[in-house]
Structures are given as C-alpha cells and as structure tokens.
Amino acid sequence: MTQATQTQTGFTPTFTHLVSKEGGVKYPLKALHVCEETFSPLEVAYDYDAIRRQVTRETISTGPNSIWRYKAFLPVESENPIDVGTGMTPLVKSNRLARRLGLKNLYIKNDAVNMPTLSFKDRVVSVALTRAKELGFTTVSCASTGNLANSTAAIAAYAGLDCCVFIPADLEAGKVLGTLIYNPTVMAVKGNYDQVNRLCCEVGNTYGWGFVNINLRPYYSEGSKTLGFEVAEQLGWKLPDHIVAPLASGSLYTKIYKGFQEFVKVGLVEDKAVRFSGAQAEGCSPIATAFREGRDFVTPVKPDTIAKSIAIGNPADGYYALDIARKTNGNIESVNDAEIIEGIKLLAETEGIFTETAGGTTVAVLKKLVEAGKIDPEETTVVYITGNGLKTQEAVQGYIGEPLFIEPKLDSFERALERSRTLERLEWQQVLV
C-alpha cells in the first residue's frame, strides 16, 4: 500500500514523502534518514489539505485515548497501529511549585507516567515500530541512554518483533533492569552514547535491522509531535505562551514546535507566538553553550553528568533547536548536577511527581529562568517532564532523608517524632538565613 491508498475502513494516510531539512530534496518513504546531497536529516512531509479533510476537534477528542487520536498527523499506513496506551498523559495545573516560583499559570506535562515504560520514548517507539512492521522489518534495535532501550524492548515484545538494543555500559541499574525484563538482546558498550550510536550505524548498515533512531529516525521522531498536540488540546485547543523542555539530541524540542505549527496550519488552534526554552546539564551542554556564545553551530563535547538520559555530546538536531529558541525569543540554559538533584526534589516535594534526572534538569532550568526574569509570571508556561524517577534512584541517594527506626512502642515513636520536628525546624532556619 502506498501513502495515497485508502484502507478498507476509510483511513487515508496523509504522509507523502521524505524531504531533506536543507535543500528540500525529496525521497521515497523508505528506511532512510540522511540526504545524500546535502547530508542534512530527512523528515516526513504531509498533505495538509488531506489532514484538514479528515480531522476536526471532535474527531480527535472522540478518538482513542492515546497518541493514535492524532493518527492523521503521523507517518503510518496501518489502520491498526501498535497501541499500548501510550500518550494522553496528565497536564497538571501546578499550585505549590508555581507558588514557590512566583508563577501564576504553570502547567506540568507529566510523561513520567507514560505507558508502558514511564517515559516519553514510548511515543516515538510506538510510531517507529508501527512503521518498521509496514516496511517489513522483523528485527528492531536502537542506540539508547536508557529510556529508549526500555521502550523499544517493551513495545517490540508486544508487537512480536525480535529486538537487540545497545546501551552505554555505565547506565543506571533501573534502566538496565527495565530493559532486560522484556528479554531482548542487550549490548552494553564500553563507551559513551555517541560511541554507541556510531557502532549502531555500522551494525544497521551491515545487518539491515530497523534502528528506530537511525534509519527509522524520520518516522520515529514524529511521535514527539504528540507532546505538542496533547498540550494544545488539554489547554482547551489553545497554545501556551512558553514551554520549557529538556534538550538531548534536540529532536523532542523541534518536534513539539512542529506539532504546534501543524495544528495552526490545519486550523485546529489559533496562531500565536510561543516561546521555546531548553534545558541541558552543564556536564553535557553543547547546545546551551552554542546559544550562550551566539553560535549557529554546535561543538561536540564528552558527557560528564548524572543526567545520562540527556547526555548526548553530539546532538543531531542541535542546530535546529538553536534556531527555534532564537526565532521564538526563548532561551537555552544549563544547570549543574547539584541543581539537577534539587530540581528533582523540588518537583517531588511540591507536586508529588518523582522525575528522573532529565526532569530535574528541566525544573532547575525553569527555576533559573524565573530568577533571571526570563519568564513572565502571567505567561501560560508548560514544563515537560519526560521520565520517571524510579529509573534513576542512584541520583538522589544520599541527598534525601533516611527512615527513623523505632521500637514498636508509643514512647519510641514520640521521641523519634520530636527529633524529626527539631531537625525540620533547623532546616527551615538554615533556609531563612
């Protein structure tokens, strides 16, 4: 079936071809990711007139309670894509965190509870593996800093695909276990993510596997648009004023932007200026450094941070992230590991959301931007939390409290309670000082 063929139940795919981001060179809808003429990334192009004919606010809101309510905007042909309940995660109206920061309209897009593996990667993998099956792949793979390996292994298991994933050997234990449980082949590479990725390019060329973030990347990355779609729908079919999102490769950030633009293009929301700000860890901040120095190119770095899920030293979409931040009057900032830990704790203590290090980075950058006067308190600001803290527990060990061990007696409890209250008073006195 081609992209122009209507399925038996009436769904007409709307994606038409692949196109290079530089030069506009067209390619067929195959497993390709780099333009041979310009060496720029390929992305999916759509027939937006066809989308307008298919979708309305009503058809979307009455669709599946998953990313597939936006199927007309996604590069799949199948009437029955791989649906594991991914997406439609909560958009939480912040109260206590907003008050702590002095913001009046702060929202938290909480993909820490995304299904099935508790990160936004379930979105992109659901799209990529649906497309992989359509293209005839039987073995799928990825280069991952952890979350993507979890998601690829889980959704491949559901879809009945063979799976082999590649990770840096020093990943957090929770992420390794969270991949192995699905019984894929796991290759732990003695190197950083960028070295893992280079190896995977060689493996993909040699074995002909479907690598979700390499030869399937144009399709895979489109899944991140759903984070933009959902926010617009959950805000009552309106765009926010400002978003703050983590930056690793830069793909998530650029696709949220594309998602907003597509909703405007087909008339689902009114156009407005949305400021895009990005968050990086200082120990791997090539995009933030380029932004600060006024450069339009990104110099690769060697990662050294606890925020391993966003520790990509040579970000594929860094140039495009810089462009979006600048043309929307946004900012790209970085924070150190201590600030990341405080960001994790701040979100947990104020909103009851336990995020991993990428989310801690984003919250810490949000705080930094507010303190620098770069976020208007009246703005509708959305901060994106992309993964669950249960995956990176090592990051906060030693920086949070310990249980109070007591005897099974009332007086033992009361002595411990008094000690606890005394410690709490001392901590508040230190804060006030």
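A few remarks follow.
- Residue among 308, 265, 272, 327 that alone is surrounded by 23 or more Cβ atoms within 10 Å (Cβ to Cβ) and charged (D, E, K, R): 308
- Flag not set for residue 398, criterion: under 30 Å from residue 232 (Cα atoms) and more than 25 Å from the chain's Cα centre (by Cα).
- Answer from 109, 121 - the residue that is touching a Leu at 6+ places or on another chain (Cβ under 6 Å), farther than 15 Å from residue 382 by Cβ and not β-branched (Val, Ile, Thr): 121
- Out of 400, 375, sole residue that is among the hydrophobic types (A, V, I, L, M, F, W, C), crowded, with 19+ Cβ neighbours inside 10 Å and assigned to a loop (DSSP other than H, G, I, E, B): 375
- Those residues of region 25-47 which are under 24 Å from residue 130 (Cβ atoms) and either part of a strand (DSSP E or B) or hydroxyl-bearing (Ser, Thr, Tyr) (or both), in sequence order: 26, 27, 34, 41, 42, 43, 44, 45, 46
- So residue 174, is it open to solvent by 20 Å² or more (accessible area, probe 1.4 Å) and in contact (Cβ under 8 Å) with a residue 24 or more places away in the chain: yes
- Identity of the residue in region 79-106, farther than 30 Å from residue 158 by Cβ and touching a Pro at 6+ places or on another chain (Cβ under 7 Å), that ends up most open to solvent (accessible area, probe 1.4 Å): 104
The values are calculated or read from the model by the stated rules, or taken from the named source; none is laboratory data. Since the model is a prediction, treat every value here as computed from it, not as a measurement. All Cβ positions, even for glycine, are placed from backbone atoms using ideal geometry, and neighbour counts span all protein chains on display. To get the accessible areas, we keep the full protein, side chains included, count just its heavy atoms, and leave off ligands, DNA and RNA. Shrake-Rupley method; radii C 1.70, N 1.55, O 1.52, S 1.80 Å.
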